Amino acid sequence: MYAITVGDQGEELRPLEPWHAAQFLAHIDRGRELIGRHVRMADSVPDLAASRALLQRFAEKAAADTGRIFGIWRGEEVVGGVLFPMLDAEHGLAEAGCWLEPSAVGRGLVTRACRVIIDWAVEERGIQRVEWIVPSENAPSIAVARRLGMTFEGTRRSAAVHRGVRQDLQTWSVLADEWRAARER
């Protein structure tokens, strides 16, 4: 197992595995209202079985090299996470995403964790384009995209439904060459 420090209170980026289902569920329960405002995951993990099933799906994605999920850990508690819901190394494409519970908001954890996983995707997996798809109302996630140096590409109007309400989705992205150039500055 690996752990990469991403926070000033010792928070670490670590894998989330199916055997972390109880810790993951406890985290979702602590942040269900905040997380659920924009992230479907909060509604899809109502109990331990669903938590285990979601983490198992990501374990299968990792084995197939089509996605990854990582927790932001404070000690033995998950306080947030970052993920690649889609990773297509053959075509050099990935989509990144994030979430946090209230106790972890506003400390730069997601930005630092995303830098780690985007570096990995670009340098280790040869990803050429990382996308960030975000509801237009999710200002904190849009701010992360900006801090990561992503470019706003446009808005897909009424492109998704969340909790019965149609949402516009913004697409942001960063290309591998842009990512490397920004990292070197």
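The values are calculated or read from the model by the stated rules, or taken from the named source; none is laboratory data. Everything numeric here is computed off the predicted structure, so don't read it as measured data. In this analysis, Cβ positions are derived from the backbone assuming ideal geometry, glycine residues included, and neighbour counts consider all displayed protein chains. These area figures cover heavy atoms from the full protein model, side chains too; ligands, DNA and RNA do not enter into them. Shrake-Rupley method; radii C 1.70, N 1.55, O 1.52, S 1.80 Å.
The label point for ASP88 and the one for GLU124, both projected 7 Å from the Cα toward the Cβ, are 2.2 nm apart.
Shape annotation for the stretch 45-131: C-alpha extents along the principal axes are 36, 31, 19 Å, from largest to smallest. Using the Cβ of CYS114 as centre and a radius below 14 Å, the other residues enclosed give a net charge of +3, where K and R count +1 and D and E count -1. Taking all protein chains together and a 1.4 Å probe, the residues THR151, THR111 rank THR151, THR111 from largest to smallest accessible area. When DSSP beta bridges are restricted to pairs lying wholly in the stretch 73-185, around 85% turn out antiparallel. At a probe radius of 1.4 angstrom, the accessible area of the chain per residue rounds to 49 square angstrom.
Taking label positions 7 Å along the Cα-Cβ direction at both ASP8 and ALA159, the computed distance is 3.5 nm, reported to one decimal.
For the chain, adding -39500 (n - 2.57) for each run of n ≥ 4 DSSP H residues and dividing by the number of residues yields -12000 deg cm²/dmol at 222 nm. What is the pair-distance distribution P(r) of the chain, computed from all Cα-Cα distances in 10 Å bins starting at 0, with each bin given as a whole percent? Going out from 0 Å in 10 Å bins, the chain shows 10, 37, 40, 13, 0 percent. Electrostatic bookkeeping for ARG74 treats Lys and Arg as +1 and Asp and Glu as -1; over the other residues with beta carbon under 15 Å from its beta carbon, the sum is -2.
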